[in-house]
Amino acid sequence: MTERYDVAIVGAGPGGLAAARAAASQGARVALIDAQAHAGGQVWRKDIEHGWPRRAQACIPRIVEHPRIHWLAQTQVVHADAGALLLENETQAWRVAYDTLILANGARELLLPFPGWTLPGVTGAGGLQALAKQGWPLHGRRAVIAGSGPLLLAAAVTAKRHGAQVLGIYEQADAASVHRFARGLWRWPGKALQAVSLRGQLAGIPYHCGSVVREALGTDTLQAIEVETPRGSEPLSCDLLAIGFGLVPNIELAQMLGCRLNEAGVHGRVEVDTMQRSSVPGVYAVGELCGIGGRDSAWIEGLIAGHAAVGAKVQARWLRRQRHAREFAESLQHHFKLSTRVRAMARPDTLVCRCEDVPLQALRGHADARSAKLATRCGMGACQGRICGSALAELGIFPRGGSRPPLFPVRLSTLGDPISNPHQGSCS
Amino acid sequence: MKTAGIRIQVDGRSVEVPAGISVAAAMAQLGLPFRRSVGGQRRAPVCGMGACFECRVQIDGIAQRRGCMTTVREGMQVCTDD
């Protein structure tokens, strides 16, 4: 039989956690679903050595153990339609029906192609953080952090904390822009404090603005990089390069449900009203899905959606906090805008699709993702175009194609369990 | 560091790894290689959060499992290049 909940929440980062707590506090039965083993999402990812960040530790255990919240860890949403989700975990597939759905499935890192980016030793910036926290060995390794945004500082701190020798941070935005961003931080005192704390922990580690990694060098594994700074090009020996260019909303599930997207920017985001309602009745979206804004906007939007979803009163001061948090997001986007140098990193023979090894030159001349896919297999691999599709959109080659079910590679037996048939499937 | 070790098998070889870590981290701690791409290049995990699939391995007979999303478990069988 199908398990039924008043509210199903996809994603257990700050947005999903706040929504779950809010809805459950109003008496709703809640399913909180996440693909990871522990709640927290990426920003509050549990570190196997150091645990959760303090603020996360203070709220997560109580939320996932709440009597009205069913915490479904290591559970992937593979298909969705109005009123139901098809879920899969390690052992089974089953169906969850909901009255209201809150999408809080966050963002992934924007990874952009450049010569050598496929070498082992090159990871995302957030990627290196995530790997370190799950036990990836960093002790004594020489790491370079590069790309763009404040996430680079957090990645450097995590790498250092796990014993890496951080050689430097290379930010693509120019110094003037980064300084303007820092000077405006007084409007968000929490963020300003965080920035000061991160910088304090990184004392002695050089932070270079206006710098782009030109190439990662090595055979079978990373040995060095070539980085272009305002002072010229320089080679740098290293074992790890953690490089990320910001975040991209994970809109695939929202897209499958038919939620209207705002496609004004390069990467789509879910359009919502002040109560976090999407264009599809009964479907809400919060946090990074609605545009990259970080932990604070996710948390407050989860609080708003969790109340609105069960018909409870949404307080005016939450809406004010939400707007304030979103203004930070705008400042972030503005000051860390990617320069044209970043879009020119890939050479004609640089692989863009890592799953199918498709070089940039094979993709020129195709008007859209579908045409490129049919001719070159670009985007046809296991990641389903999550990496290359977002990269190609950012490079201005063609926009990312729409997503089709299943949302992730699934077992054949899962597909034999049609979501539309409420009499099939079992429950954990 | 975690002290409690558990045993898993990677490509038929029995190895001891700390409990609680991911399969991807376990392979890195052991210095084992990940998959080869369709063009024959060596690859390793990139995103660490289940999006890029570069860490995919066969786990307990099921192909294309993400090593970064799976916690090691006593007796687990991992095969690379699935």
Dipole of the protein assembly as shown, positive end: most advanced residue of A:Gly232, A:Phe398, A:Gln57 [Cβ charges, Cα centre]: A:Gln57
Over region A:1-140, equivalent-ellipsoid semi-axes from the Cα gyration tensor in Å: 30, 19, 13
Extension gain, A:Met275 back to A:Ala375 (0.36 nm per residue minus Cα-Cα distance, nm): 31.7 nm
Charge sum, other residues only, whose C-beta stays under 11 Å from A:Cys383's C-beta, Lys/Arg counted +1 and Asp/Glu -1: +3
Accessible heavy-atom area order of B:Val17, A:Val410, highest first, probe of 1.4 Å: A:Val410, B:Val17
On Cα atoms only, tilt of A:54-64 relative to the major axis of chain A in degrees: 30 degrees
Accessible surface of the protein assembly as shown, 1.4 Å probe, proportion on carbon and sulfur as whole %: 52 percent
Vicinal HN-Hα couplings computed from phi for region A:333-347 (Karplus, 6.51 cos²θ - 1.76 cosθ + 1.60; Hz; Gly/Pro x): 4, 5, 7, 10, 4, 6, 7, 5, 4, 5, 6, 9, 5, 6, 9
Mean accessible surface per residue for the protein assembly as shown, computed with a 1.4 Å probe while every protein chain stays in place, in Å²: 40 Å²
Whole-Å distance, taken between Cα centres, linking region A:1-68 and region A:279-311: 14 Å
Helix A:14-25 vs. chain A, principal-axis angle (Cα, 0 to 90°, nearest 10): 20 degrees
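Could you tell me the relative contact order of chain A? Use alpha-carbon pairs under 8 Å, at least six residues apart, and round to a whole percent.
Here the relative contact order equals 20 percent.
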Test item: B:37-43 mean partner chain Cβ contacts at 10 Å: 6
Amide hydrogen neighbours beyond the local backbone of A:Gly291, cut-off 5 Å, H modeled: A:Val270
Largest-first ordering by accessible area, 1.4 Å probe, given options A:Lys337, A:Lys46, A:Lys133: A:Lys337, A:Lys46, A:Lys133
Over region A:173-285, relative contact order from alpha-carbon pairs under 8 Å, at least 6 apart, %: 12 percent
Angle in degrees between helix A:386-395 and the longest Cα principal axis of chain A, rounded to the nearest 10: 60 degrees
Total accessible area lost when A and B pair, probe 1.4 Å, Å² to nearest 100: 3100 Å²
Gyration tensor (alpha-carbon) shape descriptor, region A:295-428, a/c threshold 1.5: oblate
Distance from region A:225-260 to region A:135-200 (C-alpha centre basis), Å: 14 Å
Selection from A:His70, A:His179, A:Leu87, by position along the positive dipole direction of region A:60-218 (Cβ): A:His179
Cross-link reach list, lysines versus A:Lys133, counting only Cα pairs under 22 Å and skipping chain neighbours closer than eight places: A:Lys46, A:Lys160, B:Lys2
Fluctuation leader among A:Leu72, A:Leu110, A:Leu407 - chain A, Gaussian network, Cα springs under 10 angstrom: A:Leu407
Spin-label model distance (nm) - A:Arg187 vs B:Gln64, 7 Å beyond Cα toward Cβ: 4.5 nm
Centre separation in Å (Cα based) which lies between region A:374-405 and region B:6-82: 25 Å
Residue-level accessible surface for B:Met69, protein heavy atoms, 1.4 Å, Å²: 20 Å²
Pairwise FRET efficiency - A:Arg55 versus A:Val266, Cβ, R0 = 22 Å, nearest 0.05: 0.10
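What net charge is computed for the residues neighbouring A:Ala24, neighbours being all others with C-beta under 13 Å from the C-beta of A:Ala24, Lys and Arg scored +1, Asp and Glu -1?
Counting the neighbours of A:Ala24, the net charge comes to +2.
Which whole number gives the average, over all residues in B:14-20, of C-beta atoms from other chains lying within 10 Å of the residue C-beta?
Across the residues of B:14-20, the mean count of other-chain Cβ atoms within 10 Å is 2.
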Ordering of B:51-62, A:210-221 by burial proxy (mean other Cβ atoms within 10 Å per residue, highest first): B:51-62, A:210-221
Sequence-separation-based contact order of chain B, relative, with Cα cut under 8 Å and 6+ spacing, percent: 35 percent
Expected-Rg normalisation [2.2 N^0.38 Å, Cα atoms] applied to chain A: 0.97
Average partner coverage of B:25-36, which counts Cβ from other chains inside 10 Å: 2
Accessible-area value, A:Glu49, 1.4 Å probe, nucleic acids and ligands omitted, Å²: 90 Å²
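The values are calculated or read from the model by the stated rules, or taken from the named source; none is laboratory data. Fair warning: this is a prediction, and the values are worked out from it, not measured in the lab. Positions of Cβ are backbone-derived with ideal geometry, glycine not excepted, and every protein chain shown enters the neighbour counts. Accessible surface is based on the protein model in full, side chains and every heavy atom, while ligands, DNA and RNA are left aside. Shrake-Rupley method; radii C 1.70, N 1.55, O 1.52, S 1.80 Å.
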